[in-house]
Amino acid sequence: MSAPSGSAPSRHWDQVYDAKGAQQVSWFQPQPTVSLELIDGLLDRTDPVIDVGGGASPLVDRLLDRGHTDLTVLDVSAHALQLAQRRLGDRAQQVHWATADLLQWRPERRYMLWHDRAVFHFLTTPDEQARYRELATTSITPGGYLIIATFAADGPEQCSGLPVARHRPDDLAEQLGAAFTTLTTRREHHHTPTGAEQPFTWLLARRTDDTGQS
Ligand SMILES: C[S@@+](CC[C@H](N)C(=O)[O-])C[C@H]1O[C@@H](n2cnc3c(N)ncnc32)[C@H](O)[C@@H]1O
């Protein structure tokens, strides 16, 4: 696993989590409601699931509650993952944790569900977006699913001091490429801990090609 300890992205995100804690970051949500609504009915409990850029999100807690047994949370910030691990206590041992920069990461297996809330939108160049597309495609089992949420086209232009690329559902689908078929899209108004409203675009897609690429 690539270890980003000390890299510029890991320092940046560690500082963000250190300054605010898990519950005061702008993307904090007490319950991952939209994620769970989209996941409902898609998976068997033993299907491998990865939350990329999962940070300190409570999604992993809720999936453990539902009996999922093969969960991975990947994030460039070791501090964010520690916050999640502390919250989970002994249950943290049931989860695979990966401290890695997604763009440098080399997956060693495939997943039935790739979940990304508010990470892809930090990739603002065509090269970064192409790398993400390649990673998602090769990391997801043919027939598996991808859930992605980004700031909507009328959402904020920055998050945590970094520029973001905002997306409409159709351009998000285009970004994912021909290997994926969109199953549904959503618009969500996220309320930050300080009361600001942030529109998000959500997309659930299925990997429908079967090229056997690895
Ligand atoms: C806006 S937060 C969202 C966190 C989480 N998905 C949630 O919904 O609570 C973005 C997360 O992505 C992580 N991140 C940013 N760039 C990353 C990268 N290149 N590789 C892995 N994680 C990254 C950050 O550390 C942070 O935890």
Listed peptides 86-92, 159-165 by packing density, highest first (mean Cβ within 10 Å): 159-165, 86-92
Can you give me the C-alpha center-to-center distance between the stretch 1-67 and the stretch 153-214, rounded to a whole angstrom? 16
For a test of the definition: using alpha carbon positions, the gyration tensor, and the 1.5 limit on a/c, classify the stretch 134-214 as rounded, prolate or oblate. prolate
Using mean Cβ contacts within 10 Å as the protection proxy, how do 146-158, 34-46 order, highest first? 146-158, 34-46
Full extension between D127 and R186 adds, at 0.36 nm per residue less the Cα distance, a length in nm of 18.6 nm
Taking every DSSP beta bridge that has both residues in the chain, what percent is antiparallel when rounded to the nearest 5? 50
Name the residue farthest towards the positive end of the dipole of the stretch 14-55 from the options W27, V49, L38, assuming +1 on Cβ of Lys and Arg, -1 on Cβ of Asp and Glu, about the Cα centre. W27
Checking rank on 111-120, 56-65, with mean other Cβ inside 10 Å and highest first, the result is 111-120, 56-65
How large is the dipole of the stretch 1-100 about the Cα centre if only Lys and Arg carry +1 and Asp and Glu carry -1, each at its Cβ, rounded to the nearest 20 debye? 320
Per-residue HN-Hα couplings for the stretch 55-65 [Karplus 6.51, -1.76, 1.60; θ = phi - 60°; Hz; x = Gly/Pro]: x, 9, 4, x, 4, 4, 4, 5, 6, 4, 4
Taking the Cα centre as origin and putting +1 on Lys and Arg beta-carbons and -1 on Asp and Glu beta-carbons, what dipole magnitude results for the chain, to the nearest 20 debye? 300
For a paramagnetic label modelled at 7 Å from the Cα of Q24 toward its Cβ, which residues of the stretch 84-123 fall within the zone defined by backbone nitrogen distances under 18 Å? 84
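We did not get these values from a lab; they are worked out from the coordinates using the rules stated. The structure displayed is predicted, hence computed values, not measured ones. Ideal geometry is used to build each Cβ from the backbone, glycine not excepted, and the neighbour counts take in all protein chains shown.
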